[in-house]
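Engineer: Before anything else, here's the structure in question.
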Amino acid sequence: MSTDTTTTTFTQSPEPQVLRLRPKVDDALPLPPFKYAGIFDDPKFGDWRDELAIKGWTVVRRAVPTERALKYREEMFDWLESFPLGFKRDDPSTWTNEHLPVHMKGGMFHGYGFSHEKFCWDLRQEQGVIDAFAKIWGTDKLISSFDAGCIMMPKRIDVKDIGRWEHMDQSRHRRGFYCVQGLANLNENGPDDGGLMVLTGSSQLVEEYFDTFGRVYREERTFGAFDYWMFSEEEQQWFTDRGCKWVKVCAGPGDLILWDSRAMHYNVMPKGERDRVCSYICMAPAELLSESDRKLREDAFDKERGTTHVPERVPRTDKILQLAGIKSY
Ligand SMILES: [Fe+2]
């Protein structure tokens, strides 16, 4: 998930590595070694990958040119205003649930075909975004998640802040690196703005943590996805005792925030004056896709899963079909 969410993740089964949409929880699943599990074990890259490996997160500056990032932000607002609910980006009195389509945590939009809106596909095709993931995986033959986005308006008074939901988006059974999550940040985002909180250094320690305390399944620690686990405050103490610190990740419009799925994280609502707008993007090598999961993705792509709103149809270019995992490279 991404961030915040986990729309698309990999599941390792006794068969070859495959990509699944919302995998089922299966504690007994034997996990074969993952081809890329060790790529961050010896971080001597000399670029932002070192920070990603050591701290568990990094910011790739201006992966999207600023002007275009701000344009995508406006397009997301156009999308919100296209619902016949009365939302207006310039009228704070309309920044309420009554005037907004269904969302969660103060601004995360998963439904209405959001993932397949043109602005999402345009962002996934931004060369700087593809280049960042290509640098991580060592290939530009990538497939993209069909993930959600976030439009958090400041000073919301009709939504309750649910507080922290510290979690990682990787199964406690996995060994080593598995997934890098990303979000394209589309507005100036400082310490008081809504956004991503990461427990710096936790990605390097989770395996030792579970080796020490065990991997027993507890229903309250997951919402059902295989690659998800929540941590209590007491458990976090083990990490902070070892130097881990919570950091609010700040970024400018067009910056790509990346974090290792093993890094503990959650998001916060805006405390300041600015809206927080972003699109969640996660890419991985196309070679990991099995034929059955390619069909699943094709079905999700065709149905713009969950849509009740008429989205702009994206033209089915070769690049989009490749990133969707439908067409081979
Ligand atoms: Fe997450």
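Engineer: Working only within segment 28-63, note down all residues that are under 17 Å from the mean Cα position of the chain (by Cα) and part of a loop (DSSP other than H, G, I, E, B).
Structural biologist: Selection gives GLY56, ALA63.
Engineer: If you check ASP140, ASP147, which single one turns out to be under 30 Å from PHE210 (Cα atoms) and either out of contact with any strand residue (DSSP E or B) (no Cβ under 6 Å at 6 or more places or on another chain) or of a type in the set (Asp, Glu) (or both)?
Structural biologist: The conditions single out ASP147.
Engineer: Mind checking which residues of segment 250-275 are within 16 Å of the ligand (Cβ to nearest atom) and surrounded by fewer than 23 Cβ atoms within 10 Å (Cβ to Cβ)?
Structural biologist: TYR266, VAL268, MET269
Engineer: Go through the residues of segment 238-248 one by one and say whether even a single one is in contact (Cβ under 8 Å) with a residue 60 or more places away in the chain and within 16 Å of the ligand (Cβ to nearest atom).
Structural biologist: yes
Engineer: Can you tell me which residues in segment 114-137 are touching a Pro at 6+ places or on another chain (Cβ under 7 Å) and surrounded by fewer than 21 Cβ atoms within 10 Å (Cβ to Cβ)?
Structural biologist: We begin by selecting, within segment 114-137, every residue touching a Pro at 6+ places or on another chain (Cβ under 7 Å); these are 116-117, 137.
Hit for segment 114-137 is TRP137, nothing else.
Engineer: Looking for whichever is part of a loop (DSSP other than H, G, I, E, B), more than 13 Å from the ligand (Cβ to nearest atom), over 28 Å from LEU288 (Cα atoms) and out of contact with any Asp or Glu (no Cβ under 8 Å at 6 or more places or on another chain) here; the options are ARG172, ARG156. Which one fits? Spell out the reasoning first.
Structural biologist: Working: ARG172 fails: over 28 Å from LEU288 (Cα atoms).
None of the others qualify; the one that does is ARG156.
Engineer: Mind listing just one residue for me: the one in segment 138-165 that is modelled with pLDDT of 95 or more, surrounded by fewer than 21 Cβ atoms within 10 Å (Cβ to Cβ) and not polar (S, T, N, Q) and, of those, farthest from VAL216 (Cα to Cα)?
Structural biologist: It comes out as PRO154.
Engineer: Cβ-Cβ below 7 Å, separation at least six or inter-chain, first residue in segment 180-191 and more than 12 Å from the ligand (Cβ to nearest atom), second of a type in the set (Lys, Arg): which pairs?
Structural biologist: Cβ pairs passing all conditions: LEU186/ARG73; ASN187/ARG73; ASN187/ARG274; ASN187/ARG276; GLU188/ARG274; ASN189/ARG276; PRO191/LYS248.
Engineer: For segment 307-329, give me each residue that is of a type in the set (Lys, Arg) and either closer than 11 Å to GLU117 by Cα or at pLDDT below 90 (or both).
Structural biologist: Of everything in segment 307-329, those that are of a type in the set (Lys, Arg) and either closer than 11 Å to GLU117 by Cα or at pLDDT below 90 (or both) turn out to be ARG313, ARG316.
Engineer: Now for a different question. Only one of ILE136, ILE130, ILE143 is aliphatic (A, V, I, L, M), assigned to a strand (DSSP E or B) and under 23 Å from GLY56 (Cα atoms); which?
Structural biologist: ILE143
Engineer: Among the residues of segment 240-257, are any among the charged types (D, E, K, R) and at pLDDT below 95?
Structural biologist: no
The values are calculated or read from the model by the stated rules, or taken from the named source; none is laboratory data. Since this is a predicted model, take the numbers as computed values, not measurements. Cβ atoms come from the backbone with ideal geometry, glycine included; neighbour counts cover every protein chain shown.
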